[in-house]
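Input: a single structure, listed below in structure tokens.
The values are calculated or read from the model by the stated rules, or taken from the named source; none is laboratory data. If you're wondering where the values come from, they're calculated on a predicted model, not measured in any experiment. Here Cβ is always computed from backbone atoms with ideal geometry, including for glycine, and neighbour counts include all displayed protein chains. Please note that ligands, DNA and RNA were not included when accessible areas were found on the heavy atoms of the full protein model with its side chains. Shrake-Rupley method; radii C 1.70, N 1.55, O 1.52, S 1.80 Å.
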Amino acid sequence: MKELLRTTDLVRLSFLGALLRDAGIEPLVLDNHMSVLEGSANAIPRRLAVSDEDYVLAKRVLEDAGEPLDED
């Protein structure tokens, strides 16, 4: 798995996941349970990740949509 980005914005996370699924890429949201445990104060960012094989395509899909990504 490779991380694409981290965010506390749940709407953005949902949107980016939808973009990836539309492109045939299954995203994985990491740290979702940790964010719930800390009381949903959005102190812990959730990480959006994809399989190693899908990483390059996923990165291109999000960049083409104008979404800034975390630097490697």
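A few points about this structure:
- Going by accessible surface with a 1.4 Å probe and the largest first, Glu26, Glu3, Glu53, Glu67 read Glu53, Glu26, Glu3, Glu67.
- Linear extension gain, Ala43 paired with Thr8, 0.36 nm per residue minus alpha-carbon span: 11.9 nm
- Approximate spin-label separation Glu26-Met1, in nm, with each point projected 7 Å along Cα-to-Cβ: 1.3 nm
- Protein-only accessible surface order, largest first, of Val50, Val11, Val29, Val61 at 1.4 Å: Val11, Val29, Val61, Val50
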